[in-house]
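Reading through the structure tokens given below for one structure.
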Amino acid sequence: LTARAPIDAAAAKLGITVRHVDIRTAGDFREAYAVLAKEPPGALLVTPNPVSFAERRRLAAFGLERRLPVLFGWREFMDAPGLAALGASLEKLWWDAAGQVDAVLRGAAPASTPFELPRYELVLNAATARALGLELPRPLVERADAVIDVR
């Protein structure tokens with residue numbers, strides 16, 4: 001099972017075609033932008049990793065220039081003008097990890113420290129929606145953890 005499998009399965013159910021563009025280093029973006037410009041997608045789904053995080057502003061600008069919604073995987077990406085982010089709360093993950101380390105340093109057995117599933121956050125960017133000529137559906141806005149207005 002790869003990280004792509006859930007994306008591909010959900011896309012198939014929705015009748016959406018997904019094309020994956022592999023980016024492993026910052027140098028891979030030049031080729032990726034050329035491919036995306038040659039064969040424009042309907043949207044960009046940017047999976048979270050340190051390389052895509054460093055490129056987030058250029059990815060968002062690329063999307064805005066081509067009127068493509070850019071969807072990120074972490075809230076921390078949303079200082080760039082992407083349309084939305086949906087992913088695990090990194091802040092909560094770090095706090096949980098710190099709590100576990102603290103418990104172990106105080107003598108708790110690692111196996112006895114509580115394990116919690118990550119909390120997912122949905123962040124929407126109203127400014128980007130307006131720039132793309134999109135209206136954010138009210139039910140989506142009501143479910144969002146945050147609606148920001150970042151350009």
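Given a Förster distance of 30 angstrom, what is the FRET efficiency for residue 108 paired with residue 47, based on the Cβ-Cβ distance and rounded to 0.05?
Taking R0 as 30 Å, the efficiency between residue 108 and residue 47 is 0.30.
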Inter-label distance for residue 101 and residue 21, nm, one decimal - labels placed 7 Å from Cα along Cα-to-Cβ | 3.6 nm
³J(HN,Hα) across the stretch 71-87 via Karplus (A = 6.51, B = -1.76, C = 1.60, θ = phi - 60°), whole Hz, x for Gly/Pro?
-> 10, 9, x, 9, 4, 4, 6, 7, 6, 8, x, x, 6, 7, 9, 9, x
Calculated from DSSP H runs of 4 or more alone, at -39500 (n - 2.57) each and per residue, what is the 222 nm mean residue ellipticity of the chain, nearest 500?
-> -12500 deg cm²/dmol
For a paramagnetic label modelled at 7 Å from the Cα of residue 140 toward its Cβ, which residues of the stretch 55-69 fall within the zone defined by backbone nitrogen distances under 11 Å?
-> 69
Phi to ³J(HN,Hα) by Karplus 6.51 cos²θ - 1.76 cosθ + 1.60 over the stretch 58-67, Hz, x for Gly, Pro | 5, 4, 5, 5, 4, x, 5, 4, 9, 6
Can you give the accessible area per residue of the chain, in Å², using a 1.4 Å probe?
-> 67 Å²
Residue-ordered couplings for the stretch 38-51, obtained by feeding phi - 60° into the Karplus form 6.51 cos²θ - 1.76 cosθ + 1.60 and rounding to whole Hz (Gly and Pro as x), are 6, 10, x, x, x, 6, 10, 10, 9, 6, x, 6, x, 5
Contour minus end-to-end for residue 130 and residue 4, with contour as 0.36 nm per residue of separation and end-to-end as the Cα-Cα distance?
-> 42.3 nm
So what's the angle, to the nearest 10 degrees on a 0 to 90 scale, between helix 90-105 and the longest Cα principal axis of the chain?
-> 20 degrees
Using a 10 Å cut-off on Cβ atoms, rank the peptides 140-150, 19-29 from the highest mean neighbour count down.
-> 140-150, 19-29
May I ask you to derive the FRET efficiency for residue 149 and residue 65 from their Cβ-Cβ distance with R0 = 22 Å, giving the value to the nearest 0.05?
-> 0.65
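Which shape class, rounded, prolate or oblate, goes with the stretch 77-151 when its Cα gyration tensor gives a ≥ b ≥ c as root eigenvalues, a/c under 1.5 marks rounded, and past that a/b bigger than b/c marks prolate? Before the final figure, lay out each step's value.
Numbers: a/c = 5.40, a/b = 3.07, b/c = 1.76.
Since a/c reaches 1.5 and a/b is larger than b/c, the shape of the stretch 77-151 is classed as prolate.
Counting only protein heavy atoms and using a 1.4 Å probe, what share of the accessible area of the stretch 1-118 belongs to carbon plus sulfur, as a whole percent? Don't skip to the end; give the middle numbers.
Working: 4870 of 7890 Å².
Taking all protein chains in place, the stretch 1-118 shows 62 percent carbon and sulfur surface.
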What order do you get for 46-59, 98-111, 81-94 when each peptide is scored by the mean count of other beta carbon atoms within 10 Å, highest first?
-> 81-94, 46-59, 98-111
Rounded to the nearest 10 degrees, the helix 4-14 long axis (Cα) sits at an angle to the longest Cα principal axis of the chain of 50 degrees
Long-range amide H contacts for residue 66: which residues qualify at under 5 Å (H placed 1.01 Å from N, peptide plane, sequence gap of 5 or more or a different chain)?
-> none
Counting DSSP beta bridges with both ends in the stretch 33-126, the antiparallel % (nearest 5) = 50 percent
About its Cα centre, the stretch 31-151 carries a charge dipole, from +1 on Lys and Arg Cβ atoms and -1 on Asp and Glu Cβ atoms, whose size in debye to the nearest 20 is 300 debye
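The values are calculated or read from the model by the stated rules, or taken from the named source; none is laboratory data. These numbers were taken from a predicted model, which means no experiment stands behind them. Note that each Cβ is placed from the backbone with ideal geometry, even for glycine, and that neighbours are counted across all protein chains shown. Side chains included, ligands, DNA and RNA excluded: accessible areas come from the protein's heavy atoms. Shrake-Rupley method; radii C 1.70, N 1.55, O 1.52, S 1.80 Å.
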